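Beneath this line is the structure, given in structure tokens, with notes to follow.
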Amino acid sequence: MDAGEQWATIAAVLLGSISTHLTTYAMERQRKKHELVTRWDSKKLEAYEGYVDSMRSCIFLAVQLYEHREGIRASETSEQDLLAEMSAAGRLRGRAFERIMLLGGDDVVEAAHELNALALKVDWQANGKIDGTLADWRERNRAVFRGINDFHEAARSDLGVDGGVTGEKHPERDLLLPPTQREGSEAPS
């Protein structure tokens, strides 16, 4: 083998090892990037789930307090204890919201801001900070659950989940009233 063939062999070996190294580097970088995205998506999902859970807890406590105060349904828990529970749940909701602010995409953060504003109106009517009729109460609750659906939509989009929770396949439901009192339902004869 002459010197030219030896240099060609050395160059081919070097070119092969460089291309192998670059390919391995690119694949490893892509794998790490995918792991990072997956890790953050997992954290986002936990944050979104925790936020909705704390939001619903606050709403259900507000309903319990409102029904107790208005004489709709008596509670075994005193009004003072219900207020204390609402306060504690509100702090947890605030902490959950902070996680949304840290991890959520722009649309998710905006949906959470809107949802917080709607939920506060429910809280305020429940604890007597604002006045309102039973019809106002029901509309505030409908609005907050629409806000939860809007938050779900934004979160699903941020996480890349296909489909949706609203639209033609998922009509708005009014679960605040008994079936006989919902719009479009007729009272039994």
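The values are calculated or read from the model by the stated rules, or taken from the named source; none is laboratory data. Quick caveat, the model's predicted, so the values are computed rather than measured. We place every Cβ from the backbone using ideal geometry, glycine too, and count neighbours over all the protein chains shown. Protein only, heavy atoms only, side chains kept; ligands, DNA and RNA dropped before computing areas. Shrake-Rupley method; radii C 1.70, N 1.55, O 1.52, S 1.80 Å.
Can you work out the Karplus-derived ³J(HN,Hα) for every residue in the stretch 59-76? Use 6.51 cos²θ - 1.76 cosθ + 1.60 with θ = phi - 60°, whole Hz, and x for glycine or proline.
Coupling constants for the stretch 59-76: 5, 5, 5, 4, 4, 4, 5, 4, 5, 5, 5, 8, x, 6, 8, 6, 10, 6 Hz.
Provide the net charge surrounding ASP123, with neighbours chosen by a C-beta distance below 11 Å and charges set as Lys +1, Arg +1, Asp -1, Glu -1.
Cβ neighbours under 11 Å give a net charge of +4.
Along its principal axes, what span do the Cα atoms of the stretch 1-124 show, with the longest given first and each in whole Å?
Principal axes ranked by extent give 103, 25, 18 Å for the Cα atoms.
Where the accessible area of the stretch 1-122 is counted over protein heavy atoms with a 1.4 Å probe, how much of it, in %, is carbon and sulfur? If you can, show how the numbers build up before the last one.
Numbers: 4850 of 8390 Å².
Carbon-and-sulfur percentage of accessible area, whole number: 58.
Convert each backbone phi in the stretch 86-94 into a coupling constant with the Karplus relation 6.51 cos²θ - 1.76 cosθ + 1.60 (shift: θ = phi - 60°), then list the ³J(HN,Hα) values in order as whole Hz, x for Gly and Pro.
These are the phi-based 3J(HN,Hα) values: 4, 5, 5, 5, x, 5, 5, 4, x Hz.
Pop the C-beta distance of LEU83 and ASP162 into the FRET formula with R0 = 30 Å and round what comes out to the nearest 0.05.
Working: r = 42 Å, r/R0 = 1.40.
Calculated transfer efficiency: 0.10.
Can you give the accessible area of MET101, probe radius 1.4 Å, in Å² rounded to 10?
Counting only protein heavy atoms, MET101 exposes about 90 Å² to solvent.
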